[in-house]
1. Counting only protein heavy atoms and a 1.4 Å probe, tell me what percentage of the range 1-79's accessible area is made up of carbon and sulfur.
2. Can you tell me which aspartates and glutamates have their Cα less than 19 Å from the Cα of K64? Leave out same-chain residues fewer than eight positions away.
3. Taking 25 Å as R0, compute the FRET efficiency from the Cβ-Cβ separation of S25 and S115 and round it to 0.05.
4. Only residues of the range 30-54 count here: report those whose backbone N is under 20 Å from the spot 7 Å along Cα→Cβ of D99, or say none.
5. Among L20, T52, V2, whose Cα lies farthest out toward the positive end of the dipole of the chain, if unit charges sit on the beta carbon of Lys, Arg (+1) and Asp, Glu (-1)?
6. For the chain, state the average projected area of the convex hull of the C-alpha atoms over all orientations, rounded to one decimal in nm².
7. Taking the solvent-accessible surface of protein heavy atoms with a 1.4 Å probe, what is the per residue accessible area of the chain in Å²?
Amino acid sequence: QVQLVESGGGLVQAGGSLRLSCAASVSIFNIDHMAWYRQVPGRQRELVASITRAEDTYYSDFVKGRFTISKDIDKNTVDLQMTSLKFEDTAVYYCYAWDGYSGDFGRGTQVTVSS
């Protein structure tokens, strides 16, 4: 089981930027793939972006061109750089890790974008 801790959430104005960080309890070098999801009350958790061990990336259409997912091997984190934030990006953002056997989510970090 991988322990994940998210940080970097907060309140930002529309058009602004935030950088989320996900720290893992094991080396991210050995994790099959990691991702960021988000969820708003009353709606299903949705995939935002993912990155594989080979650093192939995937972005959902609603964040393409605005968000960037990346790994920092030295810090052992997976980061989500979010720019041009919109009100509809408001959600709890969760880090996810799949180690090849099971998946784990962190507890999440709140991102609130004011219009």
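The values are calculated or read from the model by the stated rules, or taken from the named source; none is laboratory data. All values derive from a computational prediction rather than experimental measurement. FYI the Cβ positions are ideal-geometry reconstructions off the backbone, even for glycines, and counts take in every protein chain you see. Side chains included, ligands, DNA and RNA excluded: accessible areas come from the protein's heavy atoms. Shrake-Rupley method; radii C 1.70, N 1.55, O 1.52, S 1.80 Å.
1. Carbon-and-sulfur percentage of accessible area, whole number: 47.
2. E46, E55, D56, D79, E88, D89
3. Computed FRET efficiency for S25 and S115 comes out at 0.10.
4. 30-37, 51-54, by backbone N distance to the label point.
5. My answer, from the dipole projection, is L20.
6. 6.7 nm²
7. 55 Å²
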